[in-house]
1. Please go through the range A:297-355 and give me each residue that is more than 15 Å from A:THR230 (Cα to Cα), among the basic types (Lys, Arg) and without any contact (Cβ under 8 Å) to a residue 40 or more places away in the chain, ordered by number.
2. Taking the range A:100-134 only, how many residues are assigned to a loop (DSSP other than H, G, I, E, B), crowded, with 17+ Cβ neighbours inside 10 Å and of a type in the set (Ser, Thr, Tyr)?
3. Looking at the range B:145-181 only, could you name the residues that are within 26 Å of A:ALA258 (Cβ to Cβ), touching a strand residue (DSSP E or B) at 6+ places or on another chain (Cβ under 7 Å) and modelled with pLDDT under 90?
4. Take the residues in the range A:269-302 that are within 7 Å of chain B (Cβ to nearest Cβ) and under 60 Å from the mean Cα position of the chain (by Cα), then tell me which one is surrounded by the fewest Cβ atoms within 10 Å (Cβ to Cβ).
5. Please specify each residue of the range B:82-114 satisfying the condition of being of a type in the set (Ser, Thr, Tyr) and either over 11 Å from the mean Cα position of the chain (by Cα) or surrounded by fewer than 20 Cβ atoms within 10 Å (Cβ to Cβ) (or both).
6. Within the bounds of the range A:321-342, is there any residue that is surrounded by fewer than 16 Cβ atoms within 10 Å (Cβ to Cβ), within 11 Å of another protein chain (Cβ to nearest Cβ) and over 19 Å from B:GLU175 (Cβ atoms)?
7. Scan the range A:230-243 and give yes if some residue there is buried (at least 16 other Cβ atoms within 10 Å of the Cβ) and either more than 9 Å from every other protein chain (Cβ to nearest Cβ) or modelled with pLDDT of 90 or more (or both), otherwise no.
8. Quick one: would you say B:TYR117 is more than 14 Å from chain A (Cβ to nearest Cβ), buried (at least 22 other Cβ atoms within 10 Å of the Cβ) and under 23 Å from A:GLU276 (Cβ atoms)?
Amino acid sequence: MNRFLVAGLVASALLVPLTARAQSASALLDQGVRAYQVREYDGGAWLLRRALAAEGADALSNAGTARALLYLTATEVARNQRDSALVVARRLILLDPRYRPDDTFPQAVIAVYQEARRTAPSVSIRAPGDTAIRPGAETFNVRLGSSTAPDVTANVMNADGRVVRTIFSGTIRDSVDVRWNGLDGSGNVPAAGRYMIVVTPRDRRGGAAGSANWTLRLPIEIARPAVDTTPLPPAPPDSLFRPERGNTQGAVRALIPAVIAGVAIVALPKVVAEGEEASQARLVVGGAVTIAGIVAFFSHHPGQRLPENEQYNRNLRETWQRNSQEIARRNADRQRQSRMIIRPGAPSLVTSETP
Amino acid sequence: MKLLLGALLGLALLPAQVRAQGEGRRLHFTVAGIAGQQIVQSHVDNVTDRLTGPLLGAEGMLISDRLMVRVRYGEGRIKPEAGSTTEARDIVSGEALFGVRATPWLSLWVGPSARAYTIGESDQRWLVWSGRASARGALVPGRMQTYVELWGVFSGSVGNPAIKAGGRGARGGLEMRFGAQSSFWGRLGYGIESLHADGLRETAEALTLSIVFGLPQ
């Protein structure tokens, strides 16, 4: 008779319309509990696992999840699946370290739960839903809980397993709020992508714990809305730089205008005031220009350092670097002031006993 | 003269793609103090006098990417050579020119210039409108450069009542920066202008030394 009842329950679970999925998770839980109560353990385990597998908006509440895990523990004990029962009980302890099964459960179930409590790390992590923060100015908060006061380290790690920032190192006494301001260890905003808050035990001296071997992980996804930044200016082209060593071409370029100007100045009276008796002043100036050109010619001889050109090039480079740094700084400010969206996922606990 | 004016007009109509490649794209200015010696040869009918004397003046320029404005003022007293009966003259001269940088090395200018002096009770004033072409070349970039400027009168008058006048002129020289980063330049210049009207001709030469603040064009 009971078998027919459970078969009917399973069949009805399979036929629950997709549009009623949210309701069906709790319905599955109720059906699983009922199956346990009528000792149809195989079907009950299947129903409870399905209820626990629901995700997103359809997922069970924390209380519902705890209830499902407790009944699944009891179901697995009843099915003589002790190892599986221990794993489920640890999940329950991870979810809520302070959860206690009531006395209506058989002593064997209470014993399994107590064993799980003894061997499980009994730490929990709770995160808010999707959170938008301004990196450096606001924080993303998670709550670590434990009833055994372990010493732990909490790191934000990237997908490659490298530590982005250590956000907590100390003892969890009951619970502790851990805040992350969205910046890495260097004060920069990390790139968008998948990260993880990883909590691991450490011994009292600050190193990794030798005996307790567990890792609590909270996956988080970081998204950055597009920020309007200014492109960095390109480096000045070679054509803008002056030669820093003299060459023949430069020498000739210095000489030619001087000679032309010198000759022109000397000849100006002939062009402008033909027939006038010109003074010697033109010879002074024309001669000075020509001599200056000759001096410039020799200052440009091949291989000769040209300090003026070196200074000019240095100024050109420094101006470009200053502009680039200023724009990079402004872009960084804009990036910092833009909001970062942090989407936490479901936490998981990995122990040495986790298959 | 017509040839010179035609050349100036042709340069002024250079296509727009001939652009200045100046280092700075912003407005800047230069100011200069000028000191020098001027030599004037004055011909009235067939009488020629030669006068010399010091010259003091100032110059200012406003320079944008392509356009420029230049004003210059000078004054001095010139005296005849020993033995001459000609009177000394107090001379003032000035100009206000508007220029465009046709190429990085060539600028074109237009504007009025005047030269006036007093002989006894009478004033003599030359007022001319001229077009100019000014070329520059760097001997040591940023440190030393040379320039030559040629100009021709396309309209002018002298005296009261005014009679038509013409003429031409030129100047050239050398500019040197006092230090690699200095804002001050020194300029050694030579200028000559020859103005003429009916029965009159004046040729003035000047050797000048200037201190310029700011980067010359």
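The values are calculated or read from the model by the stated rules, or taken from the named source; none is laboratory data. Just so we're clear, the structure is a prediction, and the values are computed from it rather than from any experiment. Cβ placement follows ideal geometry from the backbone for every residue including glycine, while neighbour counts extend to all protein chains displayed.
1. Across the range A:297-355, the qualifying residue is only A:ARG314.
2. 1
3. Initial filter on the range B:145-181 (within 26 Å of A:ALA258 (Cβ to Cβ)): B:145-152, B:168-181.
Cutting the leftovers down to touching a strand residue (DSSP E or B) at 6+ places or on another chain (Cβ under 7 Å) gives us B:145-152, B:168-178.
Across the range B:145-181, the qualifying residue is only B:PHE178.
4. Top of the filtered list is A:SER299.
5. B:SER84, B:THR85, B:THR86, B:THR103, B:SER107
6. No, the conditions are met nowhere in the range A:321-342.
7. no
8. Yes.
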